[in-house]
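The values are calculated or read from the model by the stated rules, or taken from the named source; none is laboratory data. Nothing here was measured: the structure is a model prediction, and the numbers come from that model. Note that we place each Cβ from the backbone using ideal geometry, even for glycine, and neighbour counts take in every protein chain shown. Note: areas computed on protein heavy atoms with side chains; ligands, DNA, RNA excluded. Shrake-Rupley method; radii C 1.70, N 1.55, O 1.52, S 1.80 Å.
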Amino acid sequence: MTQKQAHRRLAAKLIGFALATLLSTQSQAACSLSSSWEPWEPYQYQDKETLTGLDVELVQAIFKQADCKISYKKRPWARALKEIESGATDFVSGASLNEERQQYANFSTPYRDETMVLMVRKGEVGKYSLEKLSDIVKADFKLGIVRDFFYGDEHQKSMEDEAYSKKVSIVNSDTANLKKLLAGRVDGILIDRYTGPFLAKQEGAGNKIELHPLKVSSSDIFLMFSKKSVPSETIEKVNTALEAIKQNGTYQAILNRYLE
């Protein structure tokens, strides 16, 4: 091989390496997304210095399956929505779908639901034969709720009935509500099905509560993507990855840890 041929071969290798590096970088950049979070146990919170929680674990599992990277920044929810609209943030988790948001965002397939349940003290489910929330009017039952929280249409409408509202005790947080339940000052509380067991465990009362079979309300929850910064192909990739982790058991394993 002549010196000229060697130089040409070396140049070809260098060009090939440069092209491969460029393509790799472009491929990574095409699926490297920014997301906002705010403290919301057990969905998003910091355990020492580590960001964790049900939503964080689900999203990380989905994006690992999709071979995408996430960078997080802490933002209040209202600011996060504005950044989705402007394209400054690529996506957020824990979003409900409505017409206003559809003007500036696209949505994944539902990745979990948000279900409100009735939590009572351990061993007392059999005491209360409730088929709907309004049945508490005729029962010896005091219900605990959190101020300004939405528990579904049935509860919202029932609160307009004086006989129902007299059976309701209102506090400012789920933790305060749980403590009233444990102290016997209310007979049951309305709470998110993941928040309830999580808070009970934190209070050392995981074996002192149980969920009543009464169905309160449930709605789908989505990943919400900025129309300005995230192409539809990426959302399709995320949806495919979500279905894959459901099929391989990863999805249910994460949910089960937060329902223990």
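The sole residue among GLU41, GLU57 that is at pLDDT below 95 and open to solvent by 20 Å² or more (accessible area, probe 1.4 Å) is GLU41. Pick from the stretch 157-184 the residues that are of a type in the set (Lys, Arg) and in a loop (DSSP other than H, G, I, E, B): which of them is farthest from VAL125 (Cα to Cα)? In this case the residue turns out to be LYS166. Return yes or no: is LEU242 closer than 21 Å to GLY123 by Cβ and either open to solvent by less than 50 Å² (accessible area, probe 1.4 Å) or not aliphatic (A, V, I, L, M) (or both)? Judged against the criteria, LEU242 is not a match.
Note on the stretch 136-156: residues that are outside any loop (DSSP other than H, G, I, E, B) and open to solvent by 40 Å² or more (accessible area, probe 1.4 Å) amount to 5. Residues in the stretch 34-49 that are in a loop (DSSP other than H, G, I, E, B) and under 15 Å from the mean Cα position of the chain (by Cα): how many? Here the count works out to 5. Taking the residues in the stretch 44-54 that are in contact with a Ser or Thr (Cβ under 8 Å, 6 or more places away or on another chain) and of a type outside the set (Phe, Trp, Tyr) as candidates, determine which candidate is most open to solvent (accessible area, probe 1.4 Å). Out of the qualifying residues, it is GLN46. Taking (1) out of contact with any strand residue (DSSP E or B) (no Cβ under 7 Å at 6 or more places or on another chain); (2) open to solvent by less than 10 Å² (accessible area, probe 1.4 Å); (3) hydrophobic (A, V, I, L, M, F, W, C) in turn, ILE191 satisfies each apart from (1). Among the residues that make up the stretch 178-192, is at least one of them closer than 19 Å to GLY94 by Cβ and among the β-branched types (Val, Ile, Thr)? Within the stretch 178-192 (the criterion being closer than 19 Å to GLY94 by Cβ and among the β-branched types (Val, Ile, Thr)), the answer is yes, since at least one residue qualifies. Working only within the stretch 78-117, note down all residues that are open to solvent by less than 50 Å² (accessible area, probe 1.4 Å) and part of a helix (DSSP H, G or I). Selection gives ALA80, LEU81, GLU83, ILE84, ARG101. The requirement of being under 19 Å from the mean Cα position of the chain (by Cα) and open to solvent by 50 Å² or more (accessible area, probe 1.4 Å) is fulfilled nowhere in the stretch 164-187; no residue meets it. With respect to the stated conditions, SER219 is assigned to a strand (DSSP E or B), in contact with a strand residue (DSSP E or B) (Cβ under 9 Å, 6 or more places away or on another chain) and open to solvent by 10 Å² or more (accessible area, probe 1.4 Å).
Just one of the numbered conditions (1) touching a residue at least 60 places away in the same chain (Cβ under 8 Å); (2) over 24 Å from the mean Cα position of the chain (by Cα); (3) part of a helix (DSSP H, G or I) is not true of ILE235; which one? Result: ILE235 passes all but (2).
Return the total of residues in the stretch 118-134 being outside any loop (DSSP other than H, G, I, E, B) and either in contact (Cβ under 8 Å) with a residue 60 or more places away in the chain or surrounded by 13 or more Cβ atoms within 10 Å (Cβ to Cβ) (or both). Matching residues across the stretch 118-134 total 8.
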